[in-house]
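Chemist: Take this structure first; my questions come after.
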Amino acid sequence: GNEAFAGSVEVIYDTSVPTVTISPSEKVYTNKEKIEVSATASDPSGIERVDILGWYKGNAEPNGDSKWKTVTATYDAATGKYKAELTLSELPDMISGNTNNGEGEYRIKAYAYNNAGKSNFAGSVEVIYDTTPPTASEIEV
């Protein structure tokens, strides 16, 4: 019979999870409702996507029953980072699911997914949203 060569396919066997970091990486204090988040991610099989999760209420970590908002970050080739903007009023309380929670403690976390279907996350970062101006008392000299 007739035979033909259909070409070759590159297969990357990848059992490792991607590496991922998040910025900001330490506690943030802000009076702005929007916060810029960036992440770096790498993996031998390539990165499929990076998601940024955000939620309101304490240092508990999300689980299957928790509520959080997920934003897929956009890759910026100029900086080599994945970037997203989160609006704090849109982040749900992780227990009730309510949004528009106002001032308080929020959390953000980055998840990276590689092309082999594996994922990994960067630890959550605390964001303290405070719009109350400080008060000062009279000082006598």
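The values are calculated or read from the model by the stated rules, or taken from the named source; none is laboratory data. Note that this is a predicted model, so its numbers are computed, not measured. Neighbour counts run over all protein chains shown; Cβ positions are idealised from the backbone, glycine included. Just so you know, the surface numbers come from the protein's heavy atoms only, side chains and all, with ligands and any DNA or RNA stripped out. Shrake-Rupley method; radii C 1.70, N 1.55, O 1.52, S 1.80 Å.
Chemist: For residue 135, which of the numbered conditions (1) touching a strand residue (DSSP E or B) at 6+ places or on another chain (Cβ under 9 Å); (2) not in a strand (DSSP E or B) fails to hold?
Modeler: For residue 135, the exception is condition (1).
Here's the yes/no breakdown for (1) surrounded by 15 or more Cβ atoms within 10 Å (Cβ to Cβ); (2) among the aromatic types (Phe, Trp, Tyr); (3) out of contact with any Asp or Glu (no Cβ under 9 Å at 6 or more places or on another chain):
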{"residue": "92", "(1), (2), (3)": "yes, no, yes"}
{"residue": "100", "(1), (2), (3)": "no, no, no"}
{"residue": "103", "(1), (2), (3)": "no, no, no"}
{"residue": "106", "(1), (2), (3)": "yes, yes, no"}
{"residue": "114", "(1), (2), (3)": "yes, no, no"}
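Chemist: Let me ask something else. Pairs only if they're at least six apart or on different chains, beta carbon under 6 angstrom, first in segment 93-121 and among the aromatic types (Phe, Trp, Tyr), second in a loop (DSSP other than H, G, I, E, B); list them, first residue then second.
Modeler: 106/91
Chemist: Another question, then. From the list 70, 21, exactly one residue is farther than 26 Å from residue 134 by Cβ and either open to solvent by 80 Å² or more (accessible area, probe 1.4 Å) or in contact with a Leu (Cβ under 6 Å, 6 or more places away or on another chain) (or both). Which is it?
Modeler: When all the criteria are applied, what remains is 70.
Chemist: Out of all the residues in segment 27-43, is one or more surrounded by fewer than 11 Cβ atoms within 10 Å (Cβ to Cβ), touching a residue at least 60 places away in the same chain (Cβ under 8 Å) and within 28 Å of residue 56 (Cα to Cα)?
Modeler: Yes, segment 27-43 has at least one match.
Chemist: Oh, and also: Would it be correct to say that residue 123 is open to solvent by 30 Å² or more (accessible area, probe 1.4 Å) and in a loop (DSSP other than H, G, I, E, B)?
Modeler: Values: open to solvent by 30 Å² or more (accessible area, probe 1.4 Å): yes; in a loop (DSSP other than H, G, I, E, B): no.
No: the conditions fail for residue 123.
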